[in-house]
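Remarks on the structure that follows.
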Amino acid sequence: KANRKFHPEDSVVDVNGVSVGGGTLTVMAGPCSVESFDQLEGIARQCKSSGAQILRGGAFKPRTSPYAFQGLGEEGLDILMDVKKETGMPIVTEIMAPRYVELFSEKADIIQIGARNMQNFDLLKEVGQTKKPILLKRGLSSTIEELLMSAEYIMSGGNENVILCERGIRTFETYTRNTLDISAIPAIKKLSHLPVVVDPSHASGLSYMVESLALAAVAAGADGLLIEVHNDPKHALCDGAQSLTPEAFEGVMHKINALKNVM
Ligand code: PEP
Ligand code: MN
């Protein structure tokens, strides 16, 4: 179902009126984790005025250490909904277990499947039973073929609203958190009709690189970007080192728009 052979035209996923795929660039931005209403609302307003269409924010966080901040959970989802009401921005947030599918179907506009759960097949089958747009992130050490097979799990259940996300993969290089696989963009576009979004924040782990990688992704044909933005990166509860300030994000958006205009 994800294969371009049987579906030559690009798919466009409708997210409450915002399109992902089909030649436009959709920018999703926001903090790694929802920390409070005031934090999220402030960031959302600034991201929106810089041109972001969709608000991201984690409520259930897949952290490497069980002692690290795990997210606000359901309270975080409710804050996301409140900020959506204030700003009109659809929200994307990560689900970690099949038992939350009903809750997320009710509260999220896009359900994110994180890199660590790309092959959680029970979870994939469960979100495949909904009609919600799904943002499926490539696993830390997964091939493009494996990513597409995971999309197939969701789509074969009846949910064809899948958006793929390249977020960097593990290589021998340790300078960056992951290595952004730019070639995944044309490769996926050749193999599949699904929209491809790039996450330059988790790909590099370094805020100073986010602009370069975002521009490279747009030049390579990405349908969208997922960028972490925090009002106070130094004190962020999660992923501060890779988070842009709202001011820096505005600068990145200016360059992206300039690049889009010459493409
Ligand atoms: C995230 O988007 O906050 C996240 C945890 O990303 P990934 O699953 O790509 O590591
Ligand atoms: Mn993060």
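Run down Asp10, Asp14 and say which single residue is surrounded by 15 or more Cβ atoms within 10 Å (Cβ to Cβ) and in contact (Cβ under 8 Å) with a residue 60 or more places away in the chain.
Just one listed residue meets the conditions, Asp10.
Quick one: which of Ile91, Ile43 is modelled with pLDDT of 95 or more and closer than 15 Å to His230 by Cα?
Testing whether each residue is modelled with pLDDT of 95 or more and closer than 15 Å to His230 by Cα leaves just Ile43.
Being in a strand (DSSP E or B) and under 20 Å from Val92 (Cβ atoms) is the filter; apply it to the range 165-191 and report the residue that is nearest to ligand 2 (Cβ to nearest atom). Outline the logic, then answer.
Start the filter on the range 165-191 by keeping residues that are in a strand (DSSP E or B), which leaves 165-166, 169, 179.
Keeping just the survivors that are under 20 Å from Val92 (Cβ atoms) gives 165-166.
Numbers: Cys165: 12, Glu166: 15 Å.
Here the residue is Cys165.
Quick one: count up the residues across the range 99-118 that are closer than 13 Å to Gly58 by Cβ and assigned to a loop (DSSP other than H, G, I, E, B).
2
Determine whether the range 50-60 contains at least one residue that is in a helix (DSSP H, G or I) and more than 18 Å from Ala108 (Cβ to Cβ).
Yes, the range 50-60 contains a residue that is in a helix (DSSP H, G or I) and more than 18 Å from Ala108 (Cβ to Cβ).
What pairs come up if the first residue lies in the range 48-64 and is closer than 17 Å to Arg116 by Cβ, the second is more than 14 Å from ligand 2 (Cβ to nearest atom), and their beta carbons are under 7 Å apart, counting only those six or more places apart or on different chains?
So the pair list comes out as Ala59/Leu72; Ala59/Gly73; Ala59/Leu77; Ala59/Leu80; Phe60/Gly73; Phe60/Ile95.
Can you find even one residue in the range 13-23 that is at pLDDT 95 or above and either within 13 Å of ligand 1 (Cβ to nearest atom) or touching a Phe, Trp or Tyr at 6+ places or on another chain (Cβ under 8 Å) (or both)?
No, the range 13-23 contains no residue that is at pLDDT 95 or above and either within 13 Å of ligand 1 (Cβ to nearest atom) or touching a Phe, Trp or Tyr at 6+ places or on another chain (Cβ under 8 Å) (or both).
On the given criteria, is Gly71 in contact with a helix residue (DSSP H, G or I) (Cβ under 8 Å, 6 or more places away or on another chain), surrounded by 15 or more Cβ atoms within 10 Å (Cβ to Cβ) and at positive phi?
No: the conditions fail for Gly71.
One residue is enough: does the range 170-184 have a residue meeting the conditions basic (Lys, Arg) and within 14 Å of the chain's Cα centre (by Cα)?
No: the range 170-184 contains no residue that is basic (Lys, Arg) and within 14 Å of the chain's Cα centre (by Cα).
Which of the residues that make up the range 53-62 are more than 11 Å from His230 (Cβ to Cβ), surrounded by 16 or more Cβ atoms within 10 Å (Cβ to Cβ), within 16 Å of ligand 2 (Cβ to nearest atom) and of a type outside the set (Phe, Trp, Tyr)?
Ile54, Leu55, Arg56, Gly58, Ala59, Lys61
Take the residues in the range 212-243 that are among the polar types (S, T, N, Q) and over 16 Å from the mean Cα position of the chain (by Cα), then tell me which one is farthest from ligand 1 (Cβ to nearest atom).
Checking each candidate, the answer is Ser212.
Among the residues of the range 74-98, write down those that are assigned to a loop (DSSP other than H, G, I, E, B) and surrounded by fewer than 24 Cβ atoms within 10 Å (Cβ to Cβ).
Answer for the range 74-98, where residues must be assigned to a loop (DSSP other than H, G, I, E, B) and surrounded by fewer than 24 Cβ atoms within 10 Å (Cβ to Cβ): Gly88, Pro90, Met96, Ala97.
One residue is enough: does the range 185-199 have a residue meeting the conditions farther than 20 Å from Thr26 by Cβ and either free of Cβ contacts under 8 Å to residues at least 60 places away in the same chain or buried (at least 24 other Cβ atoms within 10 Å of the Cβ) (or both)?
Taking every residue of the range 185-199 in turn, at least one turns out to be farther than 20 Å from Thr26 by Cβ and either free of Cβ contacts under 8 Å to residues at least 60 places away in the same chain or buried (at least 24 other Cβ atoms within 10 Å of the Cβ) (or both).
What about Leu194, is it at pLDDT 95 or above, within 16 Å of ligand 2 (Cβ to nearest atom) and either among the small types (Gly, Ala, Ser) or within 17 Å of the chain's Cα centre (by Cα) (or both)?
When the stated conditions are applied, Leu194 does not pass them.
Looking at the range 95-129 only, could you name the residues that are in contact with a Leu (Cβ under 8 Å, 6 or more places away or on another chain), within 16 Å of ligand 1 (Cβ to nearest atom) and over 20 Å from Leu140 (Cα atoms)?
Selection gives Phe104, Ala108, Ile110.
The values are calculated or read from the model by the stated rules, or taken from the named source; none is laboratory data. Keep in mind that what you see is a predicted model, and the values were worked out from it rather than measured. Backbone-built Cβ (ideal geometry, glycine too); neighbour counts: all protein chains shown.
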